[in-house]
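First comes the structure, then the notes that go with it.
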Amino acid sequence: MRKIIANNKQVEIVEDESPAVKSSHLLIKTMYSIISPGTELTIIENSTDKQITLGYSAMGVVEECGSDITDVKPGDLVAVYGAPYVQHSEYLLVPKTLYAKVPSNVEPKEAALAGIGAIAIHALRVANLQFGETVSVVGLGLLGQMIAKIADASAYNVIAYDFHEERASMLQEETNIKSFSAVNAMEDMIKNDTSGNGADAVLLCAGGKKSPLTAQSLEWIRNKGKVVIVGDIEPDFPRNRMFSKEAQILISRAGGPGRYDKTYEAEANDYPYGFVRWTEGRNIEEYIRLVSEERINVSSFIKEEINFSDVSRAFDELVNKKSTTLTKVINFSK
């Protein structure tokens with residue numbers, strides 16, 4: 001089978017052995033996978049003198065089920081998430097804790113965004129907001145835009161910001177989301193909507209070293225407010241500002257409880273529902289529900305579809321962060 005890797009800062013297609021099904025796993029023939037620019041462009045840049053497999057969010061058709069799989073069967077469509085089990089690869093071997101069945105009313109390309117959706121949902125769970133609270137989403141790449149849409153669907157008051165006007169304008173079609181490309185305009189809206197108290201939480205979805213956004217975010221929250229680090233941004237929080245507001249600084253790690261736990265992922269042992277309500281697998285299911293019930297509209301994310309053989313060019317085009325093209329969908333049938 002073919003798969004996509006980063007090697008010496010270049011994107012390549014290589015041959016690999018097709019996986020064989022095993023207990024508690026599904027063998028999946030990939031239909032679509034999603035390029036996650038923020039994560040994957042960083043991986044490519046760091047791939048000097050080593051090969052790294054790319055990809056973590058996809059969907060496909062079940063080819064074969066492990067002996068204890070009972071909720072899906074060959075021919076069913078599933079959404080899958082989580083490297084190294086999910087890759088830009090023609091076949092995937094995925095544990096039962098990392099997939100969700102795709103209903104017939106969900107567009108397959110929308111289902112392929114399930115990994116991005118799970119990460120967005122977990123970030124909002126980390127923020128632990130209450131109904132009607134105000135959240136500022138800073139950085140409107142693929143993940144930031146997904147978070148803003150899900151936050152709006154959750155009836156939070158959403159104020160979004162990205163200094164690229166093209167990206168900020170993408171959310172203006174969402175009538176409940178207030179989106180800005182100027183910091184002072186966002187700050188004025190936060191003051192207006194909260195009677196000067198500040199946002200209940202700021203979710204930092206941007207990247208960068210020593211970014212001024214971390215210090216600035218403390219100005220935008222209320223007393224005892226929260227800053228959630230979602231993107232690859234280096235924390236640089238002045239102590240005096242944190243102290244004066246008794247700010248909570250939190251970090252969101254991928255798609256939810258279970259991520260990076262070999263027992264949960266590689267061995268496919270789920271956590272008890274009553275003790276860990278929202279695992280990464282259940283967050284995948286929740287994303288699919290939001291799409292199925294039309295509570296979020298992700299059609300703007302999947303406008304550009306590419307053939308598997310054209311991936312190198314696709315990654316080059318995504319380097320331009322001003323573009324309103326937030327991702328590209330890889331079609332494995334072409």
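The values are calculated or read from the model by the stated rules, or taken from the named source; none is laboratory data. Bear in mind the structure is a predicted one, so any value in this text is a computation, not a measurement. No Cβ is skipped: glycine too gets one built from the backbone with ideal geometry, and neighbour counts run over all protein chains shown. The protein model used for the area step is the full one, side chains on, heavy atoms only, and it has no ligands, DNA or RNA in it. Shrake-Rupley method; radii C 1.70, N 1.55, O 1.52, S 1.80 Å.
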Exercise. Do any helices (runs of 4 or more DSSP H) lying entirely in region 180-288 carry at least 3 residues that are open to solvent by 80 Å² or more (accessible area, probe 1.4 Å), and which ones are they?
Worked result: 183-193, 239-245
Exercise. Residues in region 36-46: is at least one of a type in the set (D, E, K, R) and under 15 Å from the mean Cα position of the chain (by Cα)?
Worked result: yes
Exercise. Any chance region 311-319 includes a residue that's closer than 30 Å to Val21 by Cβ and of a type in the set (D, E, K, R)?
Worked result: no
Exercise. How many residues does region 157-179 hold that are at pLDDT 90 or above, part of a loop (DSSP other than H, G, I, E, B) and surrounded by fewer than 24 Cβ atoms within 10 Å (Cβ to Cβ)?
Worked result: 4
Problem set entry | Single match in Ile306, Ile330 (criterion: open to solvent by less than 80 Å² (accessible area, probe 1.4 Å), outside any helix (DSSP H, G or I), without any contact (Cβ under 8 Å) to a residue 40 or more places away in the chain and hydrophobic (A, V, I, L, M, F, W, C)) | Ile306
For this session: Could you tell me whether region 57-76 includes any residue that is buried (at least 16 other Cβ atoms within 10 Å of the Cβ), in contact with a strand residue (DSSP E or B) (Cβ under 9 Å, 6 or more places away or on another chain), under 20 Å from Asp316 (Cα atoms) and not β-branched (Val, Ile, Thr)?
Result: yes
Exercise. From the residues in region 5-56 that are open to solvent by less than 60 Å² (accessible area, probe 1.4 Å), in contact with an Asp or Glu (Cβ under 7 Å, 6 or more places away or on another chain) and in a loop (DSSP other than H, G, I, E, B), which one is farthest from Leu93 (Cα to Cα)?
Worked result: Leu54
For this session: Looking only at region 88-96, decide whether some residue is open to solvent by 10 Å² or more (accessible area, probe 1.4 Å), of a type in the set (Asp, Glu) and in contact with a Lys or Arg (Cβ under 8 Å, 6 or more places away or on another chain).
Result: yes
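Okay, residues lined up against (1) closer than 26 Å to Lys3 by Cα; (2) out of contact with any Leu (no Cβ under 9 Å at 6 or more places or on another chain); (3) at pLDDT 95 or above:
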residue	(1), (2), (3)
Gly274	no, yes, yes
Arg282	no, yes, yes
Ile296	no, no, yes
Phe308	yes, yes, no
